[in-house]
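The values are calculated or read from the model by the stated rules, or taken from the named source; none is laboratory data. Nothing here was measured: the structure is a model prediction, and the numbers come from that model. A quick note on method: Cβ atoms are made from the backbone with ideal geometry, for glycine too, and the neighbour counts reach across all protein chains shown. Heavy atoms of the whole protein, side chains included, go into the accessibility calculation; ligands, DNA and RNA do not. Shrake-Rupley method; radii C 1.70, N 1.55, O 1.52, S 1.80 Å.
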Amino acid sequence: MQLSAAPTRRVLAAFGVLALTAGVVTVLSTPRPAQAHGALQAPASRTYACYTDGIVGSGEIVPENPACQAAVAAGGTQPLYDWYGVLRSDGGGRTRGYIPDGQLCSGGNPKYAAYDAPRADWPATSVRADGTYDFSYGAWVPHPGGIRLYITKDGYDPTKPLTWDDLEAQPFLTADPQPPVSDGAYRFSGQLPHRSGRHVIYSVWSRTDSQETFYGCSDVDFSGPGGPTPTPTPTPTGPTPTPSTSPTAPPAVACRASLRTDNSWSGGFQATLTITNTGTTTMTNWYASWTFPTGVRLDQVWNGTPMQSGTTAMIHAASWNRVLAPGASTTAGLLGSGTTAPTFSDVTCG
């Protein structure tokens with residue numbers, strides 16, 4: 001998979017974690033059905049593509065791609081730090097008639113409106129028509145659900161606002177339920193449709209335990225040489241089929257995460273996260289997530305990248321400690337604050 005934008009400085013996600021009280025709480029993660037959400041990382045959604053295009057060593061986001069630069073100028077950098085959050089809490093899996101034309105890429109969420117801009121220079125993933133592609137949907141907060149992928153029709157014009165009439169009525173690929181998480185993402189393979197030039201793959205991830213639904217646009221270029229080796233197919237004699245699949249992904253990794261409280265004071269605390277690969281295969285892009293009590297927040301993290309949405313917090317692996325061999329461990333430090341003593345629940349790692 002290649003992005004046809006400036007060289008990408010990828011800072012991939014992952015997490016480590018906790019449980020705080022007066023000592024150390026350890027959590028063992030064993031292979032289990034994947035339950036998480038976020039956005040497509042391969043092919044990259046607009047928010048994820050601009051995030052990786054712009055991230056620099058200091059943690060700042062300074063995009064090089066012109067479309068990403070314009071989006072940051074219009075909406076700031078927070079939508080890119082929150083690249084996984086293009087959602088509608090009341091979506092209920094709805095698409096046409098719910099998300100307005102021209103607002104598909106933002107899911108009708110004003111925070112991400114800049115990513116609806118009609119232009120032909122968004123970072124695009126190079127793919128091959130009719131080929132088998134390995135999709136990766138970045139995992140975030142645990143929940144069950146399913147993923148649907150749609151594609152724009154022949155004749156799609158990227159310089160015009162994206163509408164529902166621009167998309168095929170039926171998904172070309174469905175992963176419902178989604179496969180198990182592997183290295184921090186849902187991974188599944190499927191055949192790409194017959195297309196040429198620039199197109200948009202539109203993703204819809206809907207939870208089955210709530211109305212929350214995630215939307216995203218992934219720009220792809222079928223004219224480039226990159227992408228997976230295509231699977232030979234006979235000359236079509238009719239309409240291109242729209243396969244549906246419930247793919248099987250590689251086994252989930254096994255890990256153990258613990259958090260040691262190093263110091264605490266009125267309104268704050270310091271802790272150290274340790275994450276260990278307890279499996280037999282190498283982990284890349286380790287991650288951990290947990291739930292804070294209301295009013296507690298993650299203020300600073302070192303040796304990792306923090307994210308927090310409400311009471312859910314995560315730590316991503318840093319670029320220098322993202323790979324863990326079987327039996328290997330790494331640590332990350334954190335500072336937090338709040339009006340209540342921090343406790344941690346729903347802890348997961350992978």
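Some values worked out for this structure:
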quantity	calculated
Kirkwood Rh, angstrom, the stretch 56-146 [1 / mean 1/r, Cα pairs]	15.4 Å
Most to least packed among 108-118, 172-182 [average Cβ atoms within 10 Å]	172-182, 108-118
Stokes-Einstein diffusion coefficient of the stretch 89-140, Kirkwood radius over Cα pairs, 37 °C, 0.692 mPa s, in µm²/s	238 µm²/s
Listed peptides 213-223, 85-95 by packing density, highest first (mean Cβ within 10 Å)	213-223, 85-95
12 Å tail of the calculated P(r), the stretch 57-96, as % of Cα pairs	68 percent
Fraction of accessible area attributable to carbon and sulfur, the stretch 75-192 (%, probe 1.4 Å)	48 percent
Scaled radius of gyration (Cα, divided by 2.2 N^0.38 Å) that the stretch 96-204 gives	1.10
